[in-house]
Amino acid sequence: MAVGNAKTLTKFIVVTLGMFGFGFALVPFYYKICEVTGINSGAEQSLAKNTQVDTSRWVTLEFDASINEALPWRFKPMQRSLKAHPGQLVQVEYEVTNTSDHAIVGLAVPSYGPARAAAFFNKIECFCFTPQTLAAGESRRMPVLFVLDPAMDRDVHTVTLSYTFFDAAAKGQASGSQKGLPRG
């Protein structure tokens, strides 16, 4: 009986070592498949490109905020402008206050000046990604985290990031959809 247990234990150890080795072999195999098929290559190139800071030039960034007339909120950037290198990670904050006596859902829609700069403005975190619900009288500071792509035209020296907040419910009703929200 001890011989049978020894054989079983040996088989178990061989299978365990084989599985462990197979797990290590899968990593280079996975990378090779991704390389051949092109899977994930765009994301990796994009991340690499965005981590290179172009210290040879500065871009002035200006920040603007407005509210649609139907929305009883106050909204402003905490900083009106700053200088940054393309490729540099930048964080700014906006402050919003609901001046009404009831909760309201708002949606911020961004715009850029010059318009061609929009293609080079890569937001990582932004309050404009989701509707914002503010209770009556509530104030909130909201961050925007972004990188200007170093491939941006060299003749662009100033970029303006502007947000307009809309009442999400009113905007949905105006478009004929109770659940629809504007996309920006």
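The values are calculated or read from the model by the stated rules, or taken from the named source; none is laboratory data. It should be emphasised that the depicted structure is a prediction, and the values quoted were computed from it without experimental measurement. Using ideal geometry, Cβ is built from the backbone for each residue, glycine included, and neighbour counts are taken over all protein chains shown. Note: areas computed on protein heavy atoms with side chains; ligands, DNA, RNA excluded. Shrake-Rupley method; radii C 1.70, N 1.55, O 1.52, S 1.80 Å.
Quick look at the values:
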item: The range 48-170 - charge dipole about Cα centre, Lys and Arg +1 at Cβ, Asp and Glu -1, debye rounded to 20; result: 320
item: With all protein chains modelled, accessible area of Ile124 [1.4 Å, Å²]; result: 100
item: With all protein chains modelled, accessible area of Arg80 [1.4 Å, Å²]; result: 150
item: Modelled FRET efficiency - R0 45 Å, Ser139 with Ala119, Cβ distances, 0.05 increments; result: 0.85
item: Residue order for Asp101, Asp167, Asp64 - accessible surface, 1.4 angstrom probe, largest first; result: Asp101, Asp64, Asp167
item: Vicinal HN-Hα couplings computed from phi for the range 145-155 (Karplus, 6.51 cos²θ - 1.76 cosθ + 1.60; Hz; Gly/Pro x); result: 10, 8, 9, 7, 5, x, 7, 4, 3, 5, 7
item: Per-residue SASA entry for Tyr112, accessible area with 1.4 Å probe, Å² rounded to 10; result: 50
item: List Leu71, Leu17, Leu145, ordered by accessible area with a 1.4 Å probe, largest first; result: Leu17, Leu145, Leu71
